[in-house]
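Down below is the structure, laid out as structure tokens.
Here, each number is a calculation from the coordinates, and none is a lab measurement. Just so we're clear, the structure is a prediction, and the values are computed from it rather than from any experiment. Positions of Cβ are backbone-derived with ideal geometry, glycine not excepted, and every protein chain shown enters the neighbour counts.
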Amino acid sequence: MSSASGQVACVTGAGGFIASWIVKLLLERGYTVRGTVRNPDDQKNAHLRELEGAKERLTLCRADLLDYESLREAINGCDGVFHTASPMTDDPTDHGDGIMFGLKEQMVEPAVIGTKNVIVAAAEAKVRRVVFTSSIGAVYMDPHRSPDAVVDESCWSDLVFCKNTKNWYCYGKAVAEQAAWEEAKERGVDMVAINPVLVLGPLLQPTVNASIIHILKYLTGSAKTYANSVQAYVHVKDVALAHILLFETLSASGRYLCAESMLHRGEVVEILTKFFPEYPIPTKCSDEIKPRAKPYKFSNQRLKDVGLEFTPVKQALHDTVKSLQEKGHIPVPTQNEEPIHIQSA
Ligand SMILES: NC(=O)c1ccc[n+]([C@@H]2O[C@H](COP(=O)([O-])OP(=O)(O)OC[C@H]3O[C@@H](n4cnc5c(N)ncnc54)[C@H](OP(=O)(O)O)[C@@H]3O)[C@@H](O)[C@H]2O)c1
């Protein structure tokens, strides 16, 4: 492990859900941080300035993924880059796997061009390592995989399938990760990629991001039923720490699947109901005809090997709801109160 003191790290899209946690942990570890945001004056980024150590060691730089010069300025002089910025959609359509699809133009171009820009700027700045935030979306979306196969770092999503199903999020993340590997190889940049599954946990930012909506919809009454599908989950603190461990562990290389465990939606609503019976959490599956969807097997061994200890998914679900309450996104039930009935949005 290298010492953090005096090291400068750039985090792209610093105001986002995962990136805010990376900034927080980097500051706690003594790093000097340059966070790129599209608008440093936007109130949605104000929480970053409140983080411990931010006054002394955090600078917010204005940068857009499609503007190379802005990225070059932010990355120049850094020891490391955490490239986390990428378009996420708040398209409320959950297509069963928990990951939202979005529109092609919005999802693919900034993800791919932005990633190339970051790698080129990192090469120019001669940074020690780039940690690239990819996704399970670049890994598992493959209809040809056998149900018994273990999903691990050797798997790639099927681009033709993603295209045909208009799954532009998975398509964009897979193409962006491939572009990152190619550009990094060509320019001699040391890069590692992390592929998180659906990320839950406390929000530092004031707004609700796409993966939190996955849970929020079960608490507000907007989802009347749950889907007959499975989803893997991971706690946001673990995702942020994993990024940093992958930067600090000199021997780390390649891809790292970041997943704690997999639940059927029926199990998710059951856990939520046990913890928070006051909310109008659905009790019925939207598809009671087909057999219950089975979890796929996956391996998170590579991250365990660099020292990551995963937080149990129950804790992640609990922390998510508590945080939504604390940030005022859902009402806080008072004791002995009737169940909460919220008008669907
Ligand atoms: N959350 C998950 O479940 C999950 C799972 C696997 C992988 N990931 C990956 O993790 C990363 C962060 O996700 P998140 O959940 O933290 O999302 P988020 O809260 O929506 O953050 C995304 C960030 O990207 C920035 N961004 C988007 N387009 C940009 C552009 N053209 N130029 C500059 N910045 C841009 C956004 O900036 P603005 O605030 O200005 O829009 C925002 O800060 C993404 O790469 C995502 O694919 C997320």
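Can you give me the Rg/Rh ratio for the stretch 149-275, using Cα atoms for both radii and the Kirkwood formula for Rh?
Numbers: Rg = 17.0 Å, Rh = 16.9 Å.
A ratio of 1.00.
Per-residue ellipticity at 222 nm for the chain, helices alone: DSSP H runs ≥ 4 residues times -39500 (n - 2.57), over residue total, nearest 500 deg cm²/dmol? Can you show the working numbers first?
Working: 12 runs with 129 residues, N = 345.
It comes out at -11000 deg cm²/dmol, rounded to the nearest 500.
What relative contact order, as a whole-number percentage, does the stretch 200-345 give when Cα pairs under 8 Å and 6 or more residues apart are counted?
Numbers: 202 pairs, mean separation 58.6, N = 146.
Answer for the stretch 200-345 is 40 percent.
Pick from Glu248, Glu186, Glu260: which is most flexible by mean-square fluctuation in a GNM of the chain where alpha carbon atoms under 10 Å apart are linked?
Evaluated over the chain, the most mobile residue of the options is Glu186.
Hey, could you pull the Cα Rg and Dmax for the stretch 202-332, both in Å?
Radius of gyration, then largest Cα-Cα span, for the stretch 202-332: 16.3, 51 Å.
Run through every distinct alpha carbon pair of the stretch 35-193 and return the Kirkwood hydrodynamic radius in angstroms, one decimal place.
Values: mean 1/r = 0.0593 Å⁻¹.
After inverting the mean inverse Cα-Cα distance, the result is 16.9 Å.
How do Ile215, Ile22 line up, fewest other C-beta atoms within 10 Å first? Each step should come with its number before you reach the end.
Numbers: Ile215 22, Ile22 30.
In increasing order of surrounding Cβ atoms, one gets Ile215, Ile22.
When 1/r is averaged over all different Cα pairs and the result inverted, which Kirkwood radius in Å belongs to the stretch 5-56?
10.8
Longer than 21 Å from Cα to Cα, which of Lys274/Lys294; Lys24/Lys55; Lys166/Lys290; Lys24/Lys314 are they? Say none if no pair is. All intermediate terms of the calculation are to be shown ahead of the outcome.
On the way: Lys274/Lys294 23 Å; Lys24/Lys55 12 Å; Lys166/Lys290 24 Å; Lys24/Lys314 23 Å.
Among Lys274/Lys294; Lys24/Lys55; Lys166/Lys290; Lys24/Lys314, the Cα-Cα distance tops 21 Å for Lys274/Lys294; Lys166/Lys290; Lys24/Lys314.
If I model a spin label at Glu109 and Gln325 as a point 7 Å from the Cα along the Cα→Cβ vector, what separation in nanometres do I get?
Distance between the two pseudo-spin positions: 4.4 nm.
Quick one: P(r) of the stretch 155-221 from all Cα-Cα pairs, 5 Å bins, percents rounded to integers, in order of increasing distance.
With a bin width of 5 Å, the distribution comes to 3, 13, 16, 16, 16, 17, 12, 4, 2, 1, 0.
Relative to the present Cα-Cα distance, how much length would full extension add between Ala149 and Glu124 at 0.36 nm per residue of separation? Mind dumping the intermediate values first?
Values: separation 25, 0.36 × 25 = 9.00 nm, distance 4.03 nm.
Once the chain is fully extended between Ala149 and Glu124, it gains 5.0 nm.
Determine, at each q value in 0.14 (inverse angstroms), the log₁₀ of I(q)/I(0) that the Debye formula gives when each Cα of the stretch 102-159 is one equal point scatterer.
Debye curve over Cα of the stretch 102-159, log10 I(q)/I(0) at q = 0.14 Å⁻¹: -0.57.
So what are the ³J(HN,Hα) numbers for the stretch 131-146, from phi and the Karplus equation (6.51, -1.76, 1.60; θ = phi - 60°), rounded to whole Hz, Gly and Pro as x?
For the stretch 131-146, the Karplus curve yields 9, 9, 7, 8, 6, 4, x, 8, 10, 9, 7, 9, x, 8, 5, 5 Hz.
On a 0 to 90 degree scale, rounded to 10, what angle separates helix 313-326 from the longest Cα axis of the chain?
90
Evaluate the charge dipole of the stretch 135-279 about its Cα centre and quote only its size in Debye, nearest 20, assuming +1 on the Cβ of each Lys and Arg and -1 on the Cβ of each Asp and Glu.
Dipole magnitude for the stretch 135-279 comes out near 540 debye.
In a Gaussian network model over the chain where Cα atoms closer than 10 Å are linked, find which of Gln301, Gln231, Gln43 has the largest mean-square fluctuation.
In the Gaussian network model the winner is Gln43.
Note the full-extension length gain between Leu66 and Trp156 as 0.36 nm times their separation in residues minus their Cα-Cα distance, in nm to one decimal.
Difference between extended and current length: 29.8 nm.
I'd like the distance between the alpha-carbon centres of the stretch 211-281 and the stretch 130-193, rounded to an integer number of Å.
A separation of 20 Å, based on Cα centres.
Tell me, what is the FRET efficiency for Lys314 and Ala46 to the nearest 0.05, using R0 = 30 angstrom and their Cβ-Cβ distance as r?
Efficiency computed from Cβ-Cβ geometry: 0.45.
The chain: percent of C-alpha pairs farther apart than 32 Å?
Of the Cα pairs, 28 percent sit more than 32 Å apart.
So how do Lys294, Lys237, Lys24 line up by other beta-carbon neighbours within 10 Å, fewest first? Kindly include the intermediate steps, with their values, before the conclusion.
On the way: Lys294 10, Lys237 18, Lys24 21.
Listing Lys294, Lys237, Lys24 from fewest to most nearby Cβ atoms yields Lys294, Lys237, Lys24.
Please give the peptides 316-322, 189-195 ranked by average Cβ packing (other Cβ atoms within 10 Å per residue), highest first, as a rough proxy for protection.
Numbers: 316-322: 20.9, 189-195: 22.4.
The most tightly packed comes first, giving 189-195, 316-322.
Points 7 angstrom from Cα along the Cβ direction at Asn164 and Lys55: gap in nanometres?
5.9
Quick one: which residues, 5 or more positions from Phe298 or on another chain, have an amide H under 5 Å from its amide H? H modelled 1.01 Å from N in the peptide plane, none for Pro or chain starts.
Val151
Taking springs between alpha-carbon atoms closer than 10 angstrom, which of Arg292, Arg72, Arg265 fluctuates most in the Gaussian network model of the chain?
Result for the chain, Cα springs under 10 Å: Arg292 fluctuates most.
Label Arg38 and Arg292 with points 7 Å out from Cα along Cα→Cβ: what is the distance between them in nm?
Taking the two extended label points, one gets 4.2 nm.
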